[in-house]
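Any read-out appearing in this document is the output of simple, stated calculations on the displayed coordinates, not a laboratory observation. Being a predicted model, the structure only gives us computed values, none of them experimental. A quick note on method: Cβ atoms are made from the backbone with ideal geometry, for glycine too, and the neighbour counts reach across all protein chains shown.
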Amino acid sequence: MLRRSCLLFVVIAGMLCAADKTARVSAIDSIGLTVSDLDRSVAFYRTVLSFERVSEYEAAGEAYEHLTGVFGARMRVARLRLGDEYVELTEFLAPAGRRAPEEARSNDRWFQHIAIIVSDMDRAYAWLRQHRVQHASTGPQRLPEWNRNAAGIQAFYFRDPDGHPLEILAFPPEKGAAKWHAATDRLFLGIDHTAIVVSDTEASLRFYRDTLGMRIVGESENYGTEQEHLNNVFGARLRITSMRTEEGPGIELLEYLAPRDGRAYPRDERTNDLVHAQTKFLGSAVGDTTSDLTKVHTLFISPAEVDLRDASAGFRKAVLVRDPDGHTVEIVQP
């Protein structure tokens, strides 16, 4: 009887711990990109991709220096919306960061793209061609029927004016969220996810699932000529793990099983460099999350949680950290 009681206690305690971990983040608020010319980038996202500018503010001071890890930082930040989802574009007026690494490839581990859902792939691709976007794929690809979890999905990679990778994505009727299939005359609908290249899926799961509390919603292994031409990587074979919070876009972990020659995230990357992208999560207790992240030896960009004295950024407390591969994660508390 005592043994059964002890076992029951352990199970209940484990359930309580798991429940506690799932509460660390509740939503992905936005995906952020550092840009060289905010006006040019806002014009691109509005004119070419149909985003709407929601707000813009300028930020400087000690709190923002601590948050970004950039001394003397002065930033212009624009928040843009497409459908129900948001991006944030940041130009560092001072100090200006470095250009993105040359000849970036889709299997480099600083790769992070934003997947934008379109209602018609052919029309969307023609529109992007009309606006002379830089290709990252050779052209739109339709994933084959043998790949049960991805069959029928159409996708195309391209780049914004600063070289940040973007994707347009069209789901067949049986895949994707119901809202992507609602009748509409709009071409660009919203953001389904952001995708990041990782070196070890299990290590990334320990960060995003076990520490932050995201959940796995899908898995697949993609390869073949369509995947190679989508990523523009010869011999590409990917393990893809889709994760979500309760609200907002998801995150896709892209582990290249082959080839394994993708370059590591630049060790000296800073938030004002043009290679920089970050995923912003909403949380209710940034201090507790910071404690959890410290216990698992997370690399911090900010020294700890930062208390912003004003509300121009839309939140009061925030912490900026790196995941196991160097991708930047921001966790904010209103």
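Values as computed for the structure displayed
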item: Verdict on Val35 being within 30 Å of Pro303 (Cβ to Cβ), surrounded by fewer than 22 Cβ atoms within 10 Å (Cβ to Cβ) and of a type outside the set (D, E, K, R); result: no
item: Which numbered condition Ala264 fails, given (1) farther than 17 Å from Ala115 by Cα; (2) assigned to a helix (DSSP H, G or I); result: (2)
item: Filtered residues of segment 266-286 (kept if of a type outside the set (A, V, I, L, M), surrounded by 14 or more Cβ atoms within 10 Å (Cβ to Cβ) and out of contact with any Ser or Thr (no Cβ under 9 Å at 6 or more places or on another chain)); result: Pro266
item: Top-ranked residue in segment 199-233 [being among the hydroxyl-bearing types (Ser, Thr, Tyr) and closer than 16 Å to Pro259 by Cβ; ranked as surrounded by the fewest Cβ atoms within 10 Å (Cβ to Cβ)]; result: Thr225
item: Filter result (over 10 Å from the mean Cα position of the chain (by Cα), crowded, with 20+ Cβ neighbours inside 10 Å and acidic (Asp, Glu)) within segment 249-264; result: Glu255
item: Complete set of residues in segment 201-253 that are farther than 19 Å from Asp29 by Cα, assigned to a strand (DSSP E or B) and acidic (Asp, Glu); result: Glu219, Glu221
